[in-house]
1. If you take the residues of the range 137-150 that are near the ligand (Cβ under 8 Å from one of its atoms) and surrounded by fewer than 23 Cβ atoms within 10 Å (Cβ to Cβ), which of them is nearest to Ala51 (Cα to Cα)?
2. Failed condition for Lys22, given (1) of a type in the set (Lys, Arg); (2) in contact (Cβ under 8 Å) with a residue 60 or more places away in the chain; (3) surrounded by 13 or more Cβ atoms within 10 Å (Cβ to Cβ), with all others met?
3. For the range 49-78, which residues satisfy the criterion of being over 11 Å from the mean Cα position of the chain (by Cα) and open to solvent by 30 Å² or more (accessible area, probe 1.4 Å)?
4. Being part of a strand (DSSP E or B) and within 20 Å of Ser18 (Cβ to Cβ) narrows it down to one residue among Asn76, Asn98; which is it?
5. Given the conditions (1) on the phi > 0 side of the Ramachandran plot; (2) open to solvent by 40 Å² or more (accessible area, probe 1.4 Å), and given that Lys158 satisfies all but one, which numbered condition is not satisfied?
6. Considering each residue of the range 80-134, count those that are loosely packed, with under 15 Cβ neighbours inside 10 Å, among the aliphatic types (A, V, I, L, M) and closer than 20 Å to Tyr65 by Cα, and give that number.
7. Look at the range 35-57 and say how many of its residues are within 15 Å of the ligand (Cβ to nearest atom), without any contact (Cβ under 8 Å) to a residue 60 or more places away in the chain and not aliphatic (A, V, I, L, M).
8. Can Lys107 be described as touching a helix residue (DSSP H, G or I) at 6+ places or on another chain (Cβ under 7 Å), of a type outside the set (A, V, I, L, M, F, W, C), away from the ligand (no atom under 11 Å from the Cβ) and in a strand (DSSP E or B)?
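The values are calculated or read from the model by the stated rules, or taken from the named source; none is laboratory data. It should be emphasised that the depicted structure is a prediction, and the values quoted were computed from it without experimental measurement. Here the Cβ is made from the backbone with ideal geometry for all residues, glycine too, and neighbour counts use every protein chain on show. Side chains included, ligands, DNA and RNA excluded: accessible areas come from the protein's heavy atoms. Shrake-Rupley method; radii C 1.70, N 1.55, O 1.52, S 1.80 Å.
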Amino acid sequence: MEKEILKLGNPKLYEMSSPVEKTELSQLAPLIQDLHDTLIAFRNQYHAGRAIAAPQIGIQKRILYMYINQPTVFINPVLSFIGDEEMEVMDDCMSFPNLLVKVRRHKKIRILYRDMEWNEQEMLLEGDLSELLQHEYDHLDGILATMRAIDKYSFYMK
Ligand SMILES: [Zn+2]
């Protein structure tokens, strides 16, 4: 079911999300469906949106959902940077669809996570997807792109 996306300023977006327990796995399917439906509805309206974090629909759990050609569910992701290379990017967010924020992100990352069968998975990402997952991962720690703005001139309305 499509859910309301919490918008910039909503205090729930600044909360730390808690890890998923293995015992919760069997009850996750409806939440993943909600994330999917909400992402697709946003995409139909704004022609953007590749991934969504559970806290953006008010569920403070460490779950990310990405849909690019096929769905990927990241449960309890752990992100680490590979190397020191950084890049400046214009970041947007489903929680502030008309705003762009210039931020600095790492070029390459490693992400470890559990899948829907509770198997450990690993992804090495760079560029575009690296940026995307760093953005989504921040949501789990209550961090929005606005908090990572390079300086006070880094905000642009679309
Ligand atoms: Zn976001």
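1. Top of the filtered list is Asp138.
2. Among (1) of a type in the set (Lys, Arg); (2) in contact (Cβ under 8 Å) with a residue 60 or more places away in the chain; (3) surrounded by 13 or more Cβ atoms within 10 Å (Cβ to Cβ), Lys22 violates only (3).
3. Ile59, Gln60, Lys61, Tyr67, Ile68, Asn69, Gln70, Pro71, Asn76, Val78
4. Asn76
5. (1)
6. Here the count works out to 3.
7. The total comes to 5.
8. yes
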